[in-house]
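The values are calculated or read from the model by the stated rules, or taken from the named source; none is laboratory data. These numbers come from a predicted model, not from an experiment. Note: ideal-geometry Cβ built from the backbone for every residue, glycine included; neighbour counts use all protein chains shown.
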């Protein structure tokens, strides 16, 4: 369990770190997240030089390469504004692993300071913005897949479901073994493809059997994995990033 | 180097090796019986664990457990000396083994000094690690497993697939078949009947055994006491009926004080099987004393290093040695649940095996194990002594590709010029934002990272589709439209 985190009151501005997966594959989710924040009266700063948090290299064991990439991100957030990340995985990398990655280097205190300002999107919407949502969508059964990093590394199992629970027309259905990994795991999916496939197979089965018409998740890795599996099976269950889903139903 | 190189496993025993993880996992994934057996067993164990901790402040207890183990490890050299002195004072003879081979030899010599022909064994993973049974067989000494699961696995000429439940890969029908084939027991689906049959077979062997060999769960330095946790009574029989008892343990199992045991015991039984207490908890503090009517006349303790003191030298890897062998990490591991224990090809499977085996066998043998995890964190979440297993997996990945501290045998074995160059390429791209922003060509470049392997993604899923535009571009457009229409910013439509 993560230690109790004390949340600041809503700030005038936030930094938005879009993540590389959102940037390249799901940019609309990033824009929808920005619009959700702006609707709360927050000015969203998008440092143009952002690329990737460095996690792919980090979890592959390429520590120096990861540190070089992470170093390039550290300087992008000079003002003390919160840094909002639409991913538990990249958020977890920045909050939990940046301090480890830079321990004993001359960037240590900067990395700790930046890490302390990192919030996952749903966390920020729930705990800092105290977001209130008016659902204007059609009735729908939805399953939430909380990523392992959001759930375990950042302790956010409740944040996504809490937001979905505010949508009056949405029925949140419980899938079997909801806390189990979908099998993405970054390079795990390519290094151990058959094991990963067995995991995503079970995940799509559980979501479909729960009667969900759609699944939402706060991580694009999981979205790509679970959604890609559904698509290949021609199962009519749609996947969507939670930012897009919330924006679409409330704007 | 004290890597386990003496391979004495006899022909005929079904063998698995970590080198063949991919093939073994492939076979297991394609075996519906194995899949079903593990899924059912692991689901049950996860539920039992959760229920057994329901009324406990689990986080506080885990913190306590972690601190007890950390304190013991911080003082390990001193505690081992204290343990030796107190055991010797109690009449327990203490032996030190640098590796598994030496431990096997010590045990054989003790057996030979008593002209022992028959050894009965309680459950002990460290003796699995050193292939003691096969070693003794070669020396003409019969070794019989007395834990029911170990007994079944031995009858079936296999190795354990789980550290707590060695025969968890077998279902009732398969067990019935094994007992029928190997012991002539009538086929039945009634678990009690099968257990009673096995118990009868084992009882006879206990009475005839010359030496009992057991493991140790906690070795208490303060008092020279060996604690043994078990459910079947076979541990008590093994350690009391034969005239000689040899306890074998890794050097890390020592705890400082007797009062350290109850919290660890509470964590161990609940984490392992969801039990509040086990049926038996043995505390062995000496051989039979004058005037006593039972108990072994000699008790020996063999303390095995086998690479552990090398782990101890590294302040990060050291956390590996906190383990109390509950198996909760494998019970909760989505990879273990699907591929089963044998796929790993190591004595210790699952997450703890993937962080421990590289030290025991070297990274060359075990290079596919640290990556056999999605880093989902379930193992670290349930570990009763809070071993940061995912962090240690990443550390071993670093060691594998030669970016660690070089403290693991075989460090750097997985580094290939091609992959190293690919990550350098990634680094270059991600540190040149203008090039990165140049946009949609980036996914294509990233795809080149692992050209031979990325194709497998699409065997099971549709290919990720690079968006026509990037978030960078969308944000730019969004900001431009906002500055033109300041009052309409929340209702704009993106193309």
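Report whether or not residue A:187 is facing another protein chain (nearest Cβ under 8 Å) and either in contact (Cβ under 8 Å) with a residue 12 or more places away in the chain or out of contact with any strand residue (DSSP E or B) (no Cβ under 9 Å at 6 or more places or on another chain) (or both).
Details: facing another protein chain (nearest Cβ under 8 Å): yes; either in contact (Cβ under 8 Å) with a residue 12 or more places away in the chain or out of contact with any strand residue (DSSP E or B) (no Cβ under 9 Å at 6 or more places or on another chain) (or both): yes.
In short, yes.
Where residues in segment A:225-251 are closer than 19 Å to residue A:90 by Cα and touching a helix residue (DSSP H, G or I) at 6+ places or on another chain (Cβ under 7 Å), which of them is nearest to the other protein chains (Cβ to nearest Cβ)?
Pass one, segment A:225-251, residues closer than 19 Å to residue A:90 by Cα: A:225-226, A:240-244.
Checking which are touching a helix residue (DSSP H, G or I) at 6+ places or on another chain (Cβ under 7 Å) leaves us with A:225-226, A:241-244.
Values: A:225: 7, A:226: 9, A:241: 12, A:242: 16, A:243: 12, A:244: 11 Å.
Among residues in segment A:225-251 that are closer than 19 Å to residue A:90 by Cα and touching a helix residue (DSSP H, G or I) at 6+ places or on another chain (Cβ under 7 Å), the one nearest to the other protein chains (Cβ to nearest Cβ) is A:225.
State which residue is nearest to the other protein chains (Cβ to nearest Cβ) when the search covers only segment B:1-48 and only residues that are touching a helix residue (DSSP H, G or I) at 6+ places or on another chain (Cβ under 7 Å), at pLDDT 95 or above and surrounded by fewer than 18 Cβ atoms within 10 Å (Cβ to Cβ).
B:26
Please find, among A:65, A:43, the residue that is surrounded by 24 or more Cβ atoms within 10 Å (Cβ to Cβ) and without any contact (Cβ under 8 Å) to a residue 40 or more places away in the chain.
A:65
Name the single residue, out of those in segment B:267-280 being touching a helix residue (DSSP H, G or I) at 6+ places or on another chain (Cβ under 7 Å) and not in a loop (DSSP other than H, G, I, E, B), that is surrounded by the most Cβ atoms within 10 Å (Cβ to Cβ).
Taking the candidates together, the pick is B:271.
If we scan segment B:426-434, do we find a residue that is more than 17 Å from the chain's Cα centre (by Cα), more than 8 Å from every other protein chain (Cβ to nearest Cβ), crowded, with 19+ Cβ neighbours inside 10 Å and at pLDDT below 95?
For segment B:426-434, residues more than 17 Å from the chain's Cα centre (by Cα), more than 8 Å from every other protein chain (Cβ to nearest Cβ), crowded, with 19+ Cβ neighbours inside 10 Å and at pLDDT below 95: absent.
Criterion first (modelled with pLDDT of 95 or more, surrounded by fewer than 24 Cβ atoms within 10 Å (Cβ to Cβ) and touching a strand residue (DSSP E or B) at 6+ places or on another chain (Cβ under 6 Å)) does residue B:317 satisfy it?
Details: modelled with pLDDT of 95 or more: yes; surrounded by fewer than 24 Cβ atoms within 10 Å (Cβ to Cβ): yes; touching a strand residue (DSSP E or B) at 6+ places or on another chain (Cβ under 6 Å): no.
Considered against the rule, which asks whether it is modelled with pLDDT of 95 or more, surrounded by fewer than 24 Cβ atoms within 10 Å (Cβ to Cβ) and touching a strand residue (DSSP E or B) at 6+ places or on another chain (Cβ under 6 Å), residue B:317 comes out as no.
Out of the helices (runs of 4 or more DSSP H) lying entirely within segment B:283-352, which hold 1 or more residues that are more than 14 Å from chain A (Cβ to nearest Cβ)?
In segment B:283-352, the matching helices (runs of 4 or more DSSP H) lie at B:308-312, B:328-331.
Just checking, which of A:105, A:96, A:59, A:122 is modelled with pLDDT of 95 or more and out of contact with any helix residue (DSSP H, G or I) (no Cβ under 7 Å at 6 or more places or on another chain)?
Among A:105, A:96, A:59, A:122, only A:105 is modelled with pLDDT of 95 or more and out of contact with any helix residue (DSSP H, G or I) (no Cβ under 7 Å at 6 or more places or on another chain).
From the list A:195, A:190, which residue is outside the structural domain of residue A:79 (by TED's automatic domain parsing), part of a helix (DSSP H, G or I) and surrounded by fewer than 20 Cβ atoms within 10 Å (Cβ to Cβ)?
Being outside the structural domain of residue A:79 (by TED's automatic domain parsing), part of a helix (DSSP H, G or I) and surrounded by fewer than 20 Cβ atoms within 10 Å (Cβ to Cβ) holds for just one of A:195, A:190, which is A:190.
Find the residue count for segment B:441-451, including only residues that are more than 8 Å from chain A (Cβ to nearest Cβ) and either modelled with pLDDT of 85 or more or within 15 Å of residue B:473 (Cα to Cα) (or both).
Summing the residues that are more than 8 Å from chain A (Cβ to nearest Cβ) and either modelled with pLDDT of 85 or more or within 15 Å of residue B:473 (Cα to Cα) (or both) in segment B:441-451 gives 1.
Please state which one of A:111, A:72 is assigned to a helix (DSSP H, G or I), more than 17 Å from the chain's Cα centre (by Cα) and closer than 19 Å to residue B:426 by Cα. Can you show your working first?
On the way: A:111 fails: closer than 19 Å to residue B:426 by Cα.
When all the criteria are applied, what remains is A:72.
Restricting the search to segment B:395-425, which residues are in a loop (DSSP other than H, G, I, E, B) and either surrounded by fewer than 17 Cβ atoms within 10 Å (Cβ to Cβ) or at the interface with another protein chain (Cβ under 7 Å from one of its Cβ atoms) (or both)?
B:401, B:402, B:403, B:405, B:406, B:407, B:412, B:415, B:416
Going through segment A:35-55 one residue at a time, which ones are in a helix (DSSP H, G or I) and at the interface with chain B (Cβ under 7 Å from one of its Cβ atoms)?
Hits for segment A:35-55 are A:35, A:38, A:39.
What's the number of the condition residue B:84 fails, among (1) closer than 20 Å to residue B:273 by Cβ; (2) crowded, with 18+ Cβ neighbours inside 10 Å?
(1)
Of the residues that sit in segment B:203-234 and are over 30 Å from residue B:81 (Cβ atoms) and in contact with a strand residue (DSSP E or B) (Cβ under 8 Å, 6 or more places away or on another chain), which one is surrounded by the fewest Cβ atoms within 10 Å (Cβ to Cβ)?
B:208
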